[in-house]
Amino acid sequence: MSQFPPSWLSPRAIVLGGGTLIKKDRSLYLGRAEALLAAFPHAMFIVFGSGVADDALWEQFGYWTDREAWVRLLESSDLLFVRGRVSRDRLRTWGLRQPVGVIGDPAVWLAQNAVRPKGVGNRIGVNLGPSSGKIYGGDESGLLRFGAQLLCNLASAGWRITLIPTNVDDWRFLRRCAEMSEVPGVRLHAAYLDVKATLAELKQQHVMIGQKLHSVILAHCVYTPSVMIAYRTKCLEYMDSVGQLDCVCRTDALSIEAVLDIVGRLRADMRCRQLQLWRALSVWKAELRKAADLVTAATLRPGGRQRPARLARSGGESGKHFAAR
């Protein structure tokens, strides 16, 4: 934005969208949003599917969250949608008075409309990767050793393993895991920046073990049951939202036995798990569409910015439907 004179730009809306963006102080997204809204006071301010960071956890990592400034900013929003109930409830504890819609993670929009039943098989995907030490327990060296041992155990149990990174750091980390394990025949999915190719790869797996949040969300989008290696609170928030909290192993309580037990249960209960995921993701995809329709209607409304739209529950099966009033 700094490359262009303000006179060249007249955005109808400033959108804070996706990701765990509601965190830290003005050095990051808070400061950027404030600067843009100051530069374009007539633009609407919309939050769409963002997550609220676990501020207590981030303080352990050495980062302070300016809760009061975030509340002031979010109180000025025209439409406010977060991705989960944990995020909504955290904003309430910060003192936010404005109603908050819960619409699920925006990546759920990629969920396929139909479930392809998986037969009996032995293909398993694995995702692990570094996060600058900012994980439950803070021990990424231990995570690396866990990954190598996990590959050994999976191979001994007859699984055909595909490593599925979400970024280049995951790719390097997974390669190191494979090298340490010395397990032959482990595949590495190289086209991790190609969403279609990655979804196709995930669809071929019978079970997925993932650490990075969207490795599991994308696996769920093609109805591949998954074990979440939860490294931050956002992982728990998502798994709760789709009724899969019994498929979680945290990075501060890593256990090969626990992960293999979950894998076995998912394999034995494959059809039921796939249907659970389809029902949950169908609900969230409908919520995303409703929220997107509200955003579209608000931004196309003539006359520029009006007072912030108020949000009210309208009932519905999920109990999380919101409508403008």
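The values are calculated or read from the model by the stated rules, or taken from the named source; none is laboratory data. Here the structure is a predicted model, which means the values were calculated and not measured. Cβ: placed from backbone, ideal geometry, glycine included. Neighbour counts: every protein chain shown.
Mind listing just one residue for me: the one in the range 207-242 that is of a type in the set (S, T, N, Q) and part of a helix (DSSP H, G or I) and, of those, surrounded by the most Cβ atoms within 10 Å (Cβ to Cβ)?
So the first thing to find is which residues in the range 207-242 are of a type in the set (S, T, N, Q), and the list is 211, 215, 224, 226, 233, 241.
Keeping just the survivors that are part of a helix (DSSP H, G or I) gives 215, 233, 241.
Working: SER215: 27, THR233: 22, SER241: 22.
By that ranking, first place goes to SER215.
Residue under question is TYR192, and the condition is that it be under 16 Å from ILE217 (Cβ atoms) and part of a loop (DSSP other than H, G, I, E, B); does it hold?
Values: under 16 Å from ILE217 (Cβ atoms): yes; part of a loop (DSSP other than H, G, I, E, B): yes.
Considered against the rule, which asks whether it is under 16 Å from ILE217 (Cβ atoms) and part of a loop (DSSP other than H, G, I, E, B), TYR192 comes out as yes.
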Among (1) within 20 Å of GLY18 (Cβ to Cβ); (2) of a type in the set (Lys, Arg); (3) surrounded by 17 or more Cβ atoms within 10 Å (Cβ to Cβ), the one test that ARG85 misses
(3)
Quickly run through the range 42-52 and pick out the residues that are assigned to a loop (DSSP other than H, G, I, E, B) and either polar (S, T, N, Q) or free of Cβ contacts under 8 Å to residues at least 60 places away in the same chain (or both).
none
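Considering only the range 261-299, state which residues are of a type in the set (D, E, K, R), part of a helix (DSSP H, G or I) and over 21 Å from the mean Cα position of the chain (by Cα). Break it down stepwise before answering.
First, the residues of the range 261-299 that are of a type in the set (D, E, K, R): 261, 265, 267, 269, 271, 273, 279, 285, 287, 289-290, 293.
Subsequent filtering for residues that are part of a helix (DSSP H, G or I) retains 261, 265, 267, 271, 273, 279, 285, 287, 289-290, 293.
ASP261, ARG265, ARG267, ARG271, ASP293 - these are the residues of the range 261-299 that are of a type in the set (D, E, K, R), part of a helix (DSSP H, G or I) and over 21 Å from the mean Cα position of the chain (by Cα).
Search the range 63-81 for residues being part of a helix (DSSP H, G or I) and hydrophobic (A, V, I, L, M, F, W, C), and hand back the single one that is farthest from LYS285 (Cα to Cα). Break it down stepwise before answering.
Quick first cut of the range 63-81, residues part of a helix (DSSP H, G or I) only: 67-75.
Narrowing the set further to residues that are hydrophobic (A, V, I, L, M, F, W, C) leaves 69-71, 73-74.
Working: ALA69: 31, TRP70: 27, VAL71: 27, LEU73: 27, LEU74: 24 Å.
By that ranking, first place goes to ALA69.
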Among the candidates LEU163, LEU174, LEU128, which residue alone is under 25 Å from LYS234 (Cα atoms), out of contact with any Lys or Arg (no Cβ under 9 Å at 6 or more places or on another chain) and crowded, with 16+ Cβ neighbours inside 10 Å?
LEU174
Run VAL168 past the list (1) of a type in the set (A, V, I, L, M); (2) surrounded by 14 or more Cβ atoms within 10 Å (Cβ to Cβ); (3) closer than 27 Å to ASP54 by Cα and report the number of the one that doesn't hold.
(2)
Out of all the residues in the range 252-292, which are acidic (Asp, Glu) and surrounded by 12 or more Cβ atoms within 10 Å (Cβ to Cβ)?
ASP252, ASP261, ASP269, GLU287
Residues being part of a helix (DSSP H, G or I), under 21 Å from the mean Cα position of the chain (by Cα) and β-branched (Val, Ile, Thr): count how many of those fall in the range 82-107.
1
I'd like to verify a number: residues in the range 144-160 that are among the small types (Gly, Ala, Ser), surrounded by fewer than 20 Cβ atoms within 10 Å (Cβ to Cβ) and either under 17 Å from HIS189 (Cα atoms) or under 26 Å from the mean Cα position of the chain (by Cα) (or both), how many?
1
Answer from CYS249, CYS272 - the residue that is touching a helix residue (DSSP H, G or I) at 6+ places or on another chain (Cβ under 6 Å), over 18 Å from ILE103 (Cβ atoms) and assigned by TED's automatic domain parsing to the domain that holds ARG145
CYS249
